[in-house]
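Reading through the structure tokens given below for one structure.
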Amino acid sequence: MPSRRRALFVIAILLAAGLLSLVGALLVGSYAIAPGEVWARLTGNGGGTGGDIVLGLRLPRALAAFACGGLLALAGALMQVLLRNPLADPYVLGVSGGAAVGALSAMLFGLPLIFVHGGSFAGALAAVVTVFGLARGDGSWTQSRLLLTGVIVAAGCGAGVALILSLAPEQKLHSMLFWLMGDLSHAGSPWPALAVAAIGLALVMPIARDLNLLSRGDLVASTLGVKVRSLRAAVYVLGSLLTAVAVTTTGSVGFIGLVVPHLVRLTIGNDQRVLLPATALAGGALLVVADTLARTVIAPQQLPVGVLTALLGVPVFLYLLSRQPKGGRE
């Protein structure tokens, strides 16, 4: 377990990294804006084209990226505790697939953006309810049963996505594929995602001690007074809802929830009381940086942010996988 001083130091570093990533997102772009102009606009003392770009485009997008990165990383940390697998990720239980079916269905019928978001959230919740109901079955709710049910539901959703793409007219395929690869250009207001991230973190911190015990096994946790079944159900529902909100806002952005919790765990240990807030901050900062790169690398053309997170995440994932002991540990 890391010392309290080291944990506070790491969280302070991550908080500073998050703020710097947000500042960088406001400054960097195809239209150059001086730092003084950004500060003047944020404090209400400036205007013009630069001010409109900062407040109307870059700031909402950067805040949405920070919120969704935090949501995905926090959900990943929760799923890794739930499944006792450090290489689990928030999409493994079919939430992303359900959201994709809902969003692409709305796009297929040419519905407005609000219905795309609504369809995404409804699809994610439908996947959550389906997996939760099927995994419970006769009440014997195990990690392997939950994982298997999620994989099956995700496979079914994948078939639905393939069917929708095959039926979609050519002029709609570009926007559909961008959504599937993660796209923050149509993220909309960041405040719902920020509010959900703050509420989610506030809900998990009081149960962080119980999560520490749960990560050591059901028998140990129940022996020490943890209500294992209710805690696992709460963790699953909360992690799924956090993922649903993130996917609804940004589309499918992979590897944030897989890689970030594991990297933070390697740095500060597995104490959930420190790991959860640190993971949320690191995930938010990473997605802001990735989105800034996505809109500036080949500006004015934009890349899907999910492409960059995958390019960063795949080698890190392979490295982490190679470090796992052969017999498994968690």
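The values are calculated or read from the model by the stated rules, or taken from the named source; none is laboratory data. Predicted, not measured: the structure shown is a model, and the values here were computed from it. A quick note on method: Cβ atoms are made from the backbone with ideal geometry, for glycine too, and the neighbour counts reach across all protein chains shown.
In this structure, Leu111 does not satisfy being surrounded by fewer than 19 Cβ atoms within 10 Å (Cβ to Cβ), out of contact with any Asp or Glu (no Cβ under 6 Å at 6 or more places or on another chain) and over 22 Å from Val245 (Cα atoms). Of all residues in the range 197-212 being surrounded by fewer than 22 Cβ atoms within 10 Å (Cβ to Cβ) and aliphatic (A, V, I, L, M), which is farthest from Pro300 (Cα to Cα)? By that ranking, first place goes to Ile207. You will find that of Ser252, Ser240, the residue that is buried (at least 16 other Cβ atoms within 10 Å of the Cβ), under 22 Å from the mean Cα position of the chain (by Cα), among the hydroxyl-bearing types (Ser, Thr, Tyr) and not in a helix (DSSP H, G or I) is Ser252 and no other. Which one is modelled with the highest pLDDT, of the residues in the range 84-100 that are of a type in the set (A, V, I, L, M) and surrounded by fewer than 24 Cβ atoms within 10 Å (Cβ to Cβ)? Applying the filter and picking the extreme gives Val92. For beta carbons closer than 7 Å, sequence separation of 6+ or different chains, a first residue in the range 195-206 that is under 17 Å from Val274 (Cβ atoms) and a second that is among the hydroxyl-bearing types (Ser, Thr, Tyr) and assigned to a helix (DSSP H, G or I), there are no qualifying pairs.
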